[in-house]
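Everything on this sheet refers to the single structure shown next.
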Amino acid sequence: MQHTGHLWRTRSEHVGSVEDQASIRRVLEAAFETDAEADLVDALREAEDSWIPRYSVLGMTAAIPDSEFETMPAAHALIHRCMVGGQPGLMLAPTGVLPQHHGEGAGTAVISAALETAQAEGEAFVVVYGYPHYYPRFGFKPASEFGITAGWATQTEALQVRVLDESATLPAGEVQLPDAYGV
């Protein structure tokens, strides 16, 4: 039987799991040209004011459940706490997919799962700094429409917001990243 696509299982990172932490690091090191994103996740994990373990989502293929290799994470998405205009908010960053799984829906699965978890828990919004042609599929809109800015955002169109709670009043102002970013 030939599979034309993959089904992805997602789950939150297990708190304190050395295996999960190593898998996430492996995904991010493979997905990016440097270790910066993997190092960022490790630093955020140590920052109690910004780390929310259930918003650290891994994606494994469900296509071949009896294969140990196929149960290893192929994708990761993280939503962490940030500040917007002095008010608590959320930021989606970083996300990564193993190169051999690009275009198979792994990134969509983990990003969607992280956003759904945050929305189910009553969070108001999520900010992302990423490809303006990619993130609108998840409901992200230009941050400028909400009066949200970031001095570190060199490409203003890449700063985007996804409203999770339509009844919430979103803060306007500058996005302040956790210290782990070093900005």
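The values are calculated or read from the model by the stated rules, or taken from the named source; none is laboratory data. All values reported here derive from a predicted model rather than from experimental measurement. For neighbour counting, all protein chains shown are included, and Cβ atoms are generated from backbone atoms with ideal geometry for every residue, glycine included. All accessible areas refer to the heavy atoms of the entire protein, side chains included, with ligands and DNA or RNA removed. Shrake-Rupley method; radii C 1.70, N 1.55, O 1.52, S 1.80 Å.
Quick check on the stretch 109-120. Is at least one of its residues touching a His at 6+ places or on another chain (Cβ under 7 Å) and either of a type in the set (Val, Ile, Thr) or not in a loop (DSSP other than H, G, I, E, B) (or both)? Write out each step before concluding.
From the stretch 109-120, those touching a His at 6+ places or on another chain (Cβ under 7 Å) are 110; that's our starting set.
Checking which are either of a type in the set (Val, Ile, Thr) or not in a loop (DSSP other than H, G, I, E, B) (or both) leaves us with 110.
Yes, there is a match, as at least one residue in the stretch 109-120 is touching a His at 6+ places or on another chain (Cβ under 7 Å) and either of a type in the set (Val, Ile, Thr) or not in a loop (DSSP other than H, G, I, E, B) (or both).
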#### Entry: Failed criterion for residue 44 (all others in (1) open to solvent by 60 Å² or more (accessible area, probe 1.4 Å); (2) in contact (Cβ under 8 Å) with a residue 60 or more places away in the chain hold)
(1)
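Please work out which residue is farthest from residue 100 (Cα to Cα), limiting yourself to the stretch 25-41 and to residues that are surrounded by 20 or more Cβ atoms within 10 Å (Cβ to Cβ) and among the β-branched types (Val, Ile, Thr).
Just the residues of the stretch 25-41 that are surrounded by 20 or more Cβ atoms within 10 Å (Cβ to Cβ), to begin with: 27-28, 31, 37-38, 40-41.
Checking the rest, the ones that are also among the β-branched types (Val, Ile, Thr) come to 27, 41.
Working: 27: 11, 41: 22 Å.
Checking each candidate, the answer is 41.
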### Task
Would you mind finding the one in 150, 143, 180, 158 that is touching a Leu at 6+ places or on another chain (Cβ under 7 Å), open to solvent by less than 10 Å² (accessible area, probe 1.4 Å), at negative phi and among the small types (Gly, Ala, Ser)?
143
### Task
Considering (1) in contact (Cβ under 8 Å) with a residue 60 or more places away in the chain; (2) surrounded by fewer than 20 Cβ atoms within 10 Å (Cβ to Cβ), say which one residue 106 fails and leave the rest.
(2)
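This table checks each residue for (1) of a type in the set (Phe, Trp, Tyr); (2) at pLDDT 95 or above; (3) in contact with a helix residue (DSSP H, G or I) (Cβ under 7 Å, 6 or more places away or on another chain).
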| position | (1), (2), (3) |
| --- | --- |
| 48 | no, no, no |
| 68 | no, no, no |
| 86 | no, yes, no |
| 127 | no, yes, yes |
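Table: residues versus (1) in contact with a Phe, Trp or Tyr (Cβ under 6 Å, 6 or more places away or on another chain); (2) in a helix (DSSP H, G or I); (3) at pLDDT 95 or above.
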site: 107; (1), (2), (3): no, yes, yes
site: 132; (1), (2), (3): no, no, yes
site: 136; (1), (2), (3): no, yes, yes
site: 144; (1), (2), (3): no, yes, yes
site: 161; (1), (2), (3): yes, no, yes
site: 167; (1), (2), (3): no, no, yes
